[in-house]
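The values are calculated or read from the model by the stated rules, or taken from the named source; none is laboratory data. Source: prediction; values computed, not measured. Cβ sites come from the backbone with ideal geometry, for glycine too, and all protein chains shown count toward neighbours.
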Amino acid sequence: MVYKLRQPHDAKEHPEWTPDQVPALWAALSKEGETGALEAPITASRGMEYTYGLHYLDTEDGKVYLCKRPGEAEGGTVVLQFLPHELVGQYFEEVAA
């Protein structure tokens, strides 16, 4: 998994502040070839920066979800420490297979 730094910090003084230890500092990014289209959903992970209007594959249940929230415009982002199946009706809706 590739991560984007969300909050700058001194990595030399705190090498233990890795994404798995301090997820608030990092956001997981999509893998190469994952566009977020229904045919190429992004593999979801905890601490990911989700984009409204894109599709995500939840590896815990194997289902695809659309990131969608009332009042939020497509293209906006949110970092969530949960997987899509845990936030159905709040940030995601299940896409029919």
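Worth a mention:
- Pick from the stretch 46-61, criterion under 19 Å from THR35 (Cβ atoms) and surrounded by fewer than 20 Cβ atoms within 10 Å (Cβ to Cβ), ranking: modelled with the lowest pLDDT: GLU49
- Number of residues in the stretch 26-55 that are among the aliphatic types (A, V, I, L, M) and out of contact with any strand residue (DSSP E or B) (no Cβ under 7 Å at 6 or more places or on another chain) equals 1.
- Some residue of the stretch 30-40 being surrounded by fewer than 20 Cβ atoms within 10 Å (Cβ to Cβ), touching a Phe, Trp or Tyr at 6+ places or on another chain (Cβ under 8 Å) and assigned to a strand (DSSP E or B): no
- Within the stretch 72-97, being hydroxyl-bearing (Ser, Thr, Tyr) and modelled with pLDDT of 95 or more holds for one residue alone: TYR91.
- Filtering the stretch 73-95 for residues that are among the β-branched types (Val, Ile, Thr), assigned to a loop (DSSP other than H, G, I, E, B) and in contact (Cβ under 8 Å) with a residue 40 or more places away in the chain leaves a non-empty set.
- Considering the stretch 1-29, the residues that are closer than 27 Å to LEU54 by Cα and basic (Lys, Arg) include one that is surrounded by the most Cβ atoms within 10 Å (Cβ to Cβ), namely ARG6.
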